[in-house]
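Nothing in this text is a laboratory measurement; each read-out follows from the coordinates by a stated rule. Keep in mind the model is a prediction, meaning the values are calculated, not measured. So basically every Cβ, Gly included, is an ideal-geometry build from the backbone, and we count neighbours across all protein chains shown.
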Number of protein chains: 2
Amino acid sequence: MEGQFQAPSSNKSELEEGTAFTPRFDAAGLIPAIVTDAADGGVLMFAYMNAEALQRTIQTGEAHFWSRSRNSLWRKGETSGNRLVVQELLTDCDQDVIWVKAKLSGEAACHTGRPGCFYRRITREGGGAILEIIVTGERL
Amino acid sequence: MEGQFQAPSSNKSELEEGTAFTPRFDAAGLIPAIVTDAADGGVLMFAYMNAEALQRTIQTGEAHFWSRSRNSLWRKGETSGNRLVVQELLTDCDQDVIWVKAKLSGEAACHTGRPGCFYRRITREGGGAILEIIVTGERL
């Protein structure tokens, strides 16, 4: 189950308006993936996929990623049990980003124990900015 | 108005649970930014910010990005008029992603003329996948 995607078309119209899925991986062989909660639309997490992770996500219906820190394929929830069950997969105009709408099977998509990773708001303060915690419940 | 953010803490707990905003830019000086529609929660677009774009986004309340293709700072809508007015800004657990909840001032966040860039669904077909256009209305 290696990533056997077709090479991207050099024709902009085909890439942007066509129905051939030809994902554009970056120089490191990765594509960014945005995961939102299919129920409430909020962003749960952000990670990268390589071709194999993307292929497995499509074929199994469970989100897989490439862990840049561990340098390995990573099925979300394989240790935590917090799997992400794909409800819908989309790509963007130039096919270099993946949007995963998922159902969280478990309580936490974030390793801190919170449902999602975006639990702090950036608030302007003078010429700078600080963070305001809007979701508590960390698991330290 | 250069990006004068503090260096990220090497203390994981401070980085993940603290209130100091210390964004982590990648080796190219960029941080990924997910833009969702504050009204319906859908993902409108995905782009990158450098420190100056992030600083300007925070200070002006309008989304700024770094264009990797043009190699320049880019105020969204400066040519198209389709500005993104920030409603809320968030960052993730390890402060290396920005989530911009925005109000689209105009009709199209996507250069194709559609409201957002994610107008095609990835559909499994045999061992591969094809795209299905779910939002029409391109401006070619």
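Sorted into 5 angstrom bins from 0, the C-alpha pair distances of segment A:46-119 split as 3, 16, 26, 28, 19, 7, 1 percent. Look at the stretch B:110-118: the mean tally of other chain Cβ atoms within 10 Å of its residues' Cβ atoms is 4. Using the Cβ-Cβ distance between B:Ala39 and B:Thr79 with R0 = 30 Å, the FRET efficiency computed as 1/(1 + (r/R0)^6) comes to roughly 0.80. Sorted from shortest to longest, the distances between the A:Asp26 label points of this copy and the other copies are 0.1 nm, with each point 7 Å from Cα along the line through the beta carbon. Projecting the Cα atoms of A:Ile34, A:Met45, A:Ser80 onto the dipole axis of segment A:20-101, where Lys and Arg carry +1 and Asp and Glu carry -1 at the beta carbon, places A:Ser80 farthest toward the positive end. Once the label point is placed 7 Å from Cα along Cβ, list for B:Gly41 the distances to the corresponding points in the other copies, in nm, shortest first. The answer, with the shortest distance listed first, is 0.7 nm.
Annotation: peptides B:6-12, B:34-40, B:21-27, ranked by per-residue average of other Cβ atoms within 10 Å with the highest first, follow the order B:34-40, B:21-27, B:6-12. Projected label points at B:Ser13 and A:Glu52, each 7 Å from Cα along the beta carbon direction, are separated by 3.7 nanometres. Normalised by the number of residues in chain A, the mean separation of alpha-carbon contacts (under 8 Å, six or more apart) gives a relative contact order of 20 percent. With N as its number of residues, the protein assembly as shown has a Cα radius of gyration that, divided by 2.2 N^0.38 Å, comes to 0.97. The mean number of Cβ atoms from other chains found within 10 Å of a Cβ in peptide B:29-35 is 2, as a whole number.
Classify segment A:13-94 as rounded, prolate or oblate from the Cα gyration tensor: take a ≥ b ≥ c as the square roots of its eigenvalues, call it rounded if a/c is under 1.5, otherwise prolate when a/b beats b/c and oblate if not. Cα axes put segment A:13-94 in the oblate bin. Between this copy and the others, label points of A:Gly126 are 6.4 nm apart in ascending order, each placed 7 angstrom from Cα in the Cβ direction.
Taken over the C-alpha atoms, chain B has Rg and Dmax values of 16.7, 52 angstrom.
Across segment A:69-108, Cα-Cα pairs more than 16 Å apart make up 51 percent of the total. Only DSSP H runs of four or more residues enter the estimate; each adds -39500 (n - 2.57), and after division by the residues of the protein assembly as shown the mean residue ellipticity at 222 nm equals -3000 deg cm²/dmol. In chain A, the beta carbon lying closest to the axis that superposes A onto B belongs to the residue given here with its whole-angstrom distance, A:Gly41, 1. As a calculated quantity, the FRET efficiency between B:Asp94 and A:Ala27 at R0 = 25 Å, using C-beta atoms, amounts to about 0.65. Helix A:51-60 and the longest principal axis of the C-alpha atoms of chain A enclose an angle of approximately 80°. Note on segment B:78-140: Cα-only Rg and Dmax are 15.6, 44 Å.
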